[in-house]
Amino acid sequence: MEHRFDVAAAERYGVEEAIVLKIIFEKVLQNEANGECFHNGVCWTRNSIESLSSLFPYWSRQQVGRIINSLLHQKAIVVGNYNDPPCDRTRWYSLSRQAEDILQG
C-alpha cells in the first residue's frame with residue numbers, strides 16, 4: 001500500500017494527520033461510489049482503531065489513536081455511531097466540510 005498526503009492538509013493539520021485524513025477521505029469516497037454508509041445525508045467509513053492501525057504498520061495502535069484524536073480536536077473529521085447492535089462501539093468517520101474542501105483542492 002502506498003501512503004501519500006495533501007500538502008495543504010499537512011500545513012493545516014500536520015503530516016501524520018494528513019496521511020490518515022487521506023485514507024479516511026479515500027474510504028469515504030469509495031463508500032459514496034458504492035452507495036454505502038450514508039446516514040443523515042453524510043457518507044461515512046466504519047473503522048476501529050485496530051483496523052486503522054493495520055493500515056499503518058509503522059505506527060503503533062496508540063499513535064493511530066493519538067492522530068485520530070488530533071483530527072477530531074482540530075475538527076478535520078467527525079465521528080458517529082450507526083452500528084447495529086448499539087453495543088458495537090466501532091466508530092464511523094467522515095470529513096468535516098473544511099477538510100473535504102482542502103482535499104478536493
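For region 17-57, a residue qualifies if it is within 21 Å of F5 (Cα to Cα) and among the aromatic types (F, W, Y), and the qualifying residues are F25, W44, F56.
In region 65-86, the qualifying residues are those that are touching a residue at least 40 places away in the same chain (Cβ under 8 Å) and in a loop (DSSP other than H, G, I, E, B), and the one that is most open to solvent (accessible area, probe 1.4 Å) is Y82. Of the helices (runs of 4 or more DSSP H) lying entirely inside region 1-64, the ones with 1 or more residues being closer than 23 Å to D101 by Cβ and in contact (Cβ under 8 Å) with a residue 60 or more places away in the chain are found at 7-13, 15-33.
Are any residues in region 5-31 within 14 Å of the chain's Cα centre (by Cα), of a type in the set (D, E, K, R) and open to solvent by 50 Å² or more (accessible area, probe 1.4 Å), and if so, which ones? Answer for region 5-31, where residues must be within 14 Å of the chain's Cα centre (by Cα), of a type in the set (D, E, K, R) and open to solvent by 50 Å² or more (accessible area, probe 1.4 Å): E16, E26, K27. Taking region 87-104 as the range and being closer than 21 Å to N31 by Cβ and assigned to a loop (DSSP other than H, G, I, E, B) as the test, the residues that pass are D88, R89, T90, S96, Q104.
The values are calculated or read from the model by the stated rules, or taken from the named source; none is laboratory data. All values reported here derive from a predicted model rather than from experimental measurement. Cβ atoms come from the backbone with ideal geometry, glycine included; neighbour counts cover every protein chain shown. To get the accessible areas, we keep the full protein, side chains included, count just its heavy atoms, and leave off ligands, DNA and RNA. Shrake-Rupley method; radii C 1.70, N 1.55, O 1.52, S 1.80 Å.
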